[in-house]
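Quick note: the coordinates plus some simple rules give every number you see, no bench work behind them. Computed from a prediction, not measured in an experiment: that's the story for all the values here. Neighbour counts are summed over all protein chains in view; Cβ atoms, including those assigned to glycine, are modelled from backbone coordinates with ideal geometry.
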Amino acid sequence: QVQLVESGGGLVQAGGSLTPSCAASASIRSIAFMGWYRQAPGKKRELVTSAISGGSTNYADSVKGRFTISRDNTKNTVYLEMNSLKAEDTAVYYCRGIKVTNDYWGQGTQVTVSS
């Protein structure tokens, strides 16, 4: 089992930046898929961005050019750099890892953007 723990959320003004992190309890080298999801009140959870172990990344259209995902295999940590934040980015952000048939989720970190 791998535990994922997010941190680094918070309250920020529109236009500001935050970089939440997702720390894993074990090596992430063998976790093929690492992603960040978010869920706003009353809305479904959606994929924000993902990073595959081979190096490719994917972004939702709504965050392209503003968010950047990165994996640090030496620290077993995944980061989500968020810039030019908007009020509509307000949500709970979750980290997810998929390794073969194992699916791991963190508990989430709240990001609130004030307009």
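Remarks
- Size of electric dipole in the chain: Cβ of Lys, Arg +1 and of Asp, Glu -1, about Cα centre, debye, nearest 20: 160 debye
- Quotient of the Cα radius of gyration of the chain and 2.2 N^0.38 Å, N being its number of residues: 1.00.
- In the elastic network of the chain, a GNM with C-alpha springs shorter than 10 Å, the most mobile of Ile28, Ile69, Ile52 is Ile52.
- Based on Cα contacts under 8 Å between residues 6+ apart, the chain shows a relative contact order of 37 percent.
- Rg(Cα) / (2.2 N^0.38 Å) computed for region 25-68, rounded to two decimals: 1.31
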